[in-house]
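One structure below.
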Amino acid sequence: HLAFTYGVPRIMSSYAFTEFDQGPPADANENIISRSVNADGTCGNGWVCEHRWRQIYNMVKFRNVVNGTSVEHFWDNGSNQIAFARGNKGFIAFNGQFNVDMKVWLQANLPAGTYCDVISGDKVGTTCTGRSAEVFADGRALIILPATAEDGVFAIHVEAKL
């Protein structure tokens, strides 16, 4: 939802539960327990805190960077792989195809250069902590998204350029 132009996104955080009608984490007196923050930035005390997940906060940044652009160069393989550019500011690909790697040359529509995938990692200085892609002078890039990737999403934008 954060990649597309439609709608108003809402990011919500939640708590872990095992029963459909279970309330938030509480003490013996039924007072809601505050979340704790673990050393790795995740939440504890029964809270999940999706807004702290790298993939979520980096996609919020993606949406902010591509704001005001249109969906261009939409591509699909006819079987659960899609990709599209957001103007000349961002590009995103999804591999939802079971056991099939995505390896395809696509029009990313971005300036030439190396870009960090903001789903698998971050841009830190002059390096990427996750995957990257090279966009060539014609705006095309070889997009590689293995079926075994932790997330079936690959997203780059102009502020993630090395």
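The values are calculated or read from the model by the stated rules, or taken from the named source; none is laboratory data. Because the structure is a prediction, the values reported are computed rather than measured. Because the Cβ atoms are built from the backbone with ideal geometry, glycine has one as well, and the counts that use them run over all protein chains shown. The protein model used for the area step is the full one, side chains on, heavy atoms only, and it has no ligands, DNA or RNA in it. Shrake-Rupley method; radii C 1.70, N 1.55, O 1.52, S 1.80 Å.
Summary table below
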read-out: Sequence-separation-based contact order of the range 47-162, relative, with Cα cut under 8 Å and 6+ spacing, percent; value: 27
read-out: Helix axis angle, 54-66 relative to the chain longest principal axis, alpha carbon, degrees; value: 50
read-out: Longest segment of the chain lacking chymotrypsin sites (Phe, Trp or Tyr not before Pro) that sit in a DSSP loop with at most 14 other Cβ atoms within 10 Å; value: 21-97
read-out: Difference of contour (0.36 nm per residue) and Cα-Cα distance, TYR6 to LEU162; value: 53.2 nm
read-out: Value of [θ]222 nm, deg cm²/dmol, for the chain, DSSP H segments ≥ 4, -39500 (n - 2.57) each, nearest 500; value: -2500 deg cm²/dmol
read-out: Share of carbon and sulfur in the accessible heavy-atom surface of the chain [1.4 Å probe, %]; value: 52
read-out: Cleavage-rule hits (trypsin sites (Lys or Arg not before Pro)) in the range 1-60: DSSP loop, at most 11 neighbouring Cβ within 10 angstrom; value: ARG10
read-out: Per residue value of the accessible surface for the chain (all protein chains in place, 1.4 Å probe), Å²; value: 59
read-out: Residue among ALA3, ASN58, HIS157 farthest towards the positive dipole end of the chain, charges placed on Cβ; value: HIS157
read-out: Normalised alpha carbon radius of gyration of the range 28-103 [divisor 2.2 N^0.38 Å]; value: 1.61
